[in-house]
1. Does any residue in segment 102-130 that is farther than 15 Å from L19 by Cα come within less than 9 Å, Cβ to Cβ, of a residue that is part of a loop (DSSP other than H, G, I, E, B) and modelled with pLDDT under 95 six or more places away or on a different chain, and which pairs are these?
2. Give segment 20-50 a look and list any residue that's closer than 17 Å to Y113 by Cβ and crowded, with 16+ Cβ neighbours inside 10 Å, or say none.
3. Considering segment 109-123 alone, what residues qualify as being among the aliphatic types (A, V, I, L, M) and farther than 17 Å from Q25 by Cα?
4. Quick check on segment 53-78: of everything there that is of a type in the set (A, V, I, L, M, F, W, C) and buried (at least 19 other Cβ atoms within 10 Å of the Cβ), which residue is farthest from V120 (Cα to Cα)?
5. Condition first: of a type in the set (G, A, S) and free of Cβ contacts under 8 Å to residues at least 40 places away in the same chain. Now tell me which residues in segment 79-91 satisfy that.
6. State whether the residues of segment 94-113 include one that is assigned to a helix (DSSP H, G or I) and among the acidic types (D, E).
7. Consider only pairs whose beta carbons are under 7 Å apart and that are at least six residues apart or on different chains; among these, list those whose first residue lies in segment 57-78 and is part of a helix (DSSP H, G or I) and whose second residue is among the aromatic types (F, W, Y) and modelled with pLDDT of 95 or more.
8. Restricting to segment 140-178, give me the number of residues that are touching a residue at least 40 places away in the same chain (Cβ under 8 Å) and either at positive phi or not in a loop (DSSP other than H, G, I, E, B) (or both).
Amino acid sequence: MTANRGLALFRIFFAALCLAALVGQFTYNVQNIANYRPLNFFSFFTVESNIIATATFGIAGWYAWQGRNTRWLELLRGAATMYMTITGITYTLLLSNIEVDTAVPWINVVLHYTMPTVIVIDWLVDLPRKRISFRESLIWLAFPLAYLVYSLLRGPFADWYPYPFLDPRIDGYGHVAIMSLLIA
């Protein structure tokens with residue numbers, strides 16, 4: 001097996017594991033939470049970043065299997081790595097002691113610990129061929145910013161916020177702004 005095939009299998013395995021965790025969590029929530037609103041599931045940054053990581057690992061695995069690599073894939077991998085790093089650090093520091101709709105222990109571990117760690121390892125093992133400029137990486141902030149805007153606009157209508165630090169009803173919008181800047 002060539003290094004590319006090994007890397008491909010690594011990525012495909014973790015894409016499948018993450019997909020299983022996402023489907024398992026969604027199914028569990030629908031079956032076990034009364035009056036569950038499925039849109040809430042897709043309103044967690046954890047879920048969205050893991051969906052991006054799953055797709056990225058699937059695509060990158062396919063490309064590695066073929067021995068191919070492209071600049072857009074390196075940029076996608078960088079973005080996914082950043083989002084999963086945000087997920088892992090934020091969960092560990094702010095959310096690990098509260099309920100965030102991940103009642104199934106193995107799923108919680110995969111989404112909040114395993115995938116953030118694995119994607120950073122993947123990044124370090126397969127660095128981009130050409131340095132990614134600050135300007136190129138700045139576009140990666142568009143997704144977390146759009147997520148923040150979405151969460152704050154949806155929250156009052158849904159009467160629900162995905163995370164306590166995004167809920168202005170608790171400590172106000174100033175606190176939300178400070179927490180968002182600290183996370184960024």
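The values are calculated or read from the model by the stated rules, or taken from the named source; none is laboratory data. Note that this is a predicted model, so its numbers are computed, not measured. Neighbour counts are summed over all protein chains in view; Cβ atoms, including those assigned to glycine, are modelled from backbone coordinates with ideal geometry.
1. Filtered contacts from segment 102-130: A103/I33; D126/N69; P128/N69; R129/N69.
2. Result: A21, L22, Q25, F44, F45, T46, V47, S49, N50.
3. Hits for segment 109-123 are V118, I119, V120, I121.
4. Going through the qualifying residues, I end up with A64.
5. A80, G88
6. The answer is no; no qualifying residue exists.
7. Note: pairs meeting the criteria are F57/F14; L73/Y63; R77/W123; G78/W140.
8. So the count comes out to 11.
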